[in-house]
Amino acid sequence: GYLETEIEFNEDLNVIIGRNDVGKSTILDALDYFFNESKIEHSDCHIDAEDRNITIGVAFKVSDNDFVFLDATNPTTLKDEFLLNEDGYFEIRKVINASNKTITATNVSIEIIAHHPEILSQPLITNNISKLKSLLDDYSTETPEYSEINKTKKADIRKALFNLLVNETTVFNKISIPLKSLQDDNMNSWAKVKGNLPIFNLFQSDRTNTDGDKEVQDPMKAITN
């Protein structure tokens, strides 16, 4: 029912009101899929969609000092890594290829939408430690306190390069960074990012429930968490 829709949620209480079958539950179902990988089918794609992709994106308000592990070496902040969108939110999109009747994990890609500096051919966050060291070596004579930078930690190298290359004349572009390009051998980036997201549980109260029903059990589990 939604071809292209953006919804801004209040920080406290939100109420969605509308006639039957206009798409109220679809909003909640989309969020449930985003957070919990609930069931999704190819028929959920809008009938007029040309590319047969279902895109569900959520943008989160974050603190400047909220740390997150995006690689295995050390924590960093989304702001320092230039991974926030133009409005300063942490925006994540799940893109589901619905061209086939069966949707599996291989049909789903997860992306970060970032307002990112155009300084190198690819975002620094996607480079492994060897590539980052090589880039830093290229700028060794221009980098202040080059010898003191911890070259075993990717975030420290990226910070040094950003400090050197980003200035008032730098051009910023909206880019999509596949989350899988952030992964290294020691961690799963999506699992780490997801661990920092809010807990979302969909409770359906429009039918008779028992304490054994999934929609009753899951909120209890969420409360326990």
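The values are calculated or read from the model by the stated rules, or taken from the named source; none is laboratory data. Fair warning: this is a prediction, and the values are worked out from it, not measured in the lab. Backbone-built Cβ (ideal geometry, glycine too); neighbour counts: all protein chains shown. For accessibility, only protein heavy atoms count, side chains too; no ligands or nucleic acids. Shrake-Rupley method; radii C 1.70, N 1.55, O 1.52, S 1.80 Å.
Brief remarks on what is shown
- With a simple spin-label model that places each label point 7 Å from the Cα along the Cα-to-Cβ direction, the separation between residue 39 and residue 146 comes to 6.0 nm.
- Set of lysines near residue 214 by C-alpha distance (under 20 Å), chain-local residues within fewer than 8 positions excluded: 39
- Per residue, the solvent-accessible area of region 50-196 (1.4 Å probe, heavy atoms of protein chains only, all protein chains present) comes to 57 Å².
- Accessible carbon and sulfur surface of region 16-134 relative to its total accessible area, %, 1.4 Å: 46
- Solvent-accessible ranking of 19, 52, largest area first, probe 1.4 Å: 19, 52
- Label point distance in nm, residue 139-residue 25, each placed 7 Å from Cα along Cα→Cβ: 5.3
- Helix-only mean residue ellipticity at 222 nm for the chain, each DSSP H run of n ≥ 4 adding -39500 (n - 2.57), per residue, nearest 500: -7000 deg cm²/dmol
- Farthest positive-ward along the chain dipole, Cα basis, beta-carbon charges - from 63, 104, 141: 104
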